[in-house]
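Worksheet: the structure to be examined is printed underneath.
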Amino acid sequence: MAAADETMRDLREADSPLLKALLQYDAYFRRDLWEHVSPTPAFAFVLFLNAYQMFLGAARMALSGHPAAVFPLVRTALESASYGYLMEQQPALSEVWGNRHRSEADKKACRNAFTFDKAIKGFAHKAPDIDRLAKEAYEGAIDYGAHPNPKGVFGHVSINEDRPDGMVAVTHTSLYGSSHHETIRGICACLDFGFAIIGIIALSGPTATGKLQDELQALNDAKEAAIAAYQSAR
């Protein structure tokens with residue numbers, strides 16, 4: 001906890017542009033986003049709020065220098081936003097989702113109805129760039145730890161076979177400093193996923209206003225400006 005707090009403190013004291021962008025995203029999540037979202041169907045709205053909460057958890061992990069914990073959270077946040085989006089398009093599915101735990105048959109029906117690919121289907125017609133980002137982020141998250149796989153796990157493992165004592169040293173790193181590329185990767189991921197999540201939620205309604213388009217463009221510009229200096233570290 002002390003090491004995690006130190007990384008976050010260093011990022012704050014350095015006035016990191018990535019932290020500024022994250023705060024801008026959080027401010028949009030807390031205020032402006034909901035002007036474009038209908039509170040009904042209720043389950044969809046709750047899923048949108050859950051996506052925000054998962055995003056906050058991921059941001060906390062990223063700013064603590066714990067990137068391995070970021071990608072399971074942002075991937076789940078994106079799923080939550082997409083499921084809410086699906087309910088907005090097909091309100092009858094709210095009942096299917098709500099009945100998930102009633103029986104094995106209901107669980108099977110819910111699993112069949114709610115997958116990320118099914119939920120996001122058709123979104124490309126509204127915003128092809130956000131659709132592409134969401135799909136790439138969702139699949140890419142697996143490589144960095146959303147599922148336990150060799151790339152995600154061994155990205156944090158180093159092996160030294162050249163020790164003078166003839167032994168092999170295996171080091172597994174959990175926490176990184178504020179300037180380490182793994183920490184930067186985690187924060188950049190929060191911004192990429194955050195933009196996709198905001199876009200899906202904001203565009204869940206039937207129409208997109210010019211005001212919303214301007215707001216999304218401003219968020220994307222802020223994200224791209226913040227991560228520009230770290231592109232090679234992603």
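The values are calculated or read from the model by the stated rules, or taken from the named source; none is laboratory data. Since the structure is predicted, the reported quantities are computational estimates derived from the model, not experimental observations. Cβ sites come from the backbone with ideal geometry, for glycine too, and all protein chains shown count toward neighbours. What goes into the accessible areas is simple: the full protein's heavy atoms, side chains included, and nothing from ligands, DNA or RNA. Shrake-Rupley method; radii C 1.70, N 1.55, O 1.52, S 1.80 Å.
What to note about this one:
- Extension gain, Ile159 back to Ala69 (0.36 nm per residue minus Cα-Cα distance, nm): 30.2 nm
- Grouping the Cα pair distances of region 151-205 into 5 Å bins from zero gives a pair-distance distribution of 4, 15, 14, 15, 13, 12, 9, 6, 4, 3, 2, 1, 1 percent in increasing distance order.
- The charge dipole of the chain, taken about its Cα centre with unit charges on the Cβ atoms of Lys, Arg (+1), Asp and Glu (-1) only, comes to about 660 debye.
- Carbon/sulfur fraction of accessible area - region 1-64, other protein chains in place, 1.4 Å, %: 58 percent
- Only protein atoms count toward the accessible area here, which uses a 1.4 Å probe; on region 91-234, the carbon and sulfur part of that area reaches 54 percent.
- Spherically averaged projected area of the convex hull of Cα atoms, region 1-128: 9.7 nm².
- For region 1-71 versus region 131-188, the inter-centroid distance based on Cα atoms is 21 Å.
- Taking all protein chains together and a 1.4 Å probe, the residues Glu136, Glu182 rank Glu136, Glu182 from largest to smallest accessible area.
- For region 97-234: relative contact order, % (alpha-carbon pairs under 8 angstrom, 6 or more apart): 17 percent
- Cα point-scatterer Debye curve for the chain, base-10 log of I(q)/I(0) at q = 0.10, 0.11 Å⁻¹: -0.50, -0.60
- Computed over region 2-105, relative contact order equals 31 percent, with contacts defined as Cα pairs under 8 Å that lie 6+ residues apart.
- When Rg and Dmax are taken over the Cα atoms of region 115-234, they come to 18.9, 68 Å.
- Cα centre as origin, Lys/Arg/Asp/Glu Cβ charges: region 1-94 dipole, Debye: 100 debye
- Among the DSSP helices (H) of the chain, those spanning at least 15 angstrom by Cα along their long axis with an average Kyte-Doolittle hydropathy of 0.0 or more are 17-30, 42-63, 70-89, 181-202; this is a geometric and hydropathy rule only.
- For the chain, the relative contact order comes to 29 percent (Cα pairs under 8 Å, sequence separation of at least 6).
- Residue-normalised accessible area of region 53-187, given per residue in Å² at a 1.4 Å probe: 54 Å²
- Applying 0.36 nm per residue to the separation of Ala228 and Asn99 and subtracting their alpha-carbon distance, the gain on full extension is 42.0 nm.
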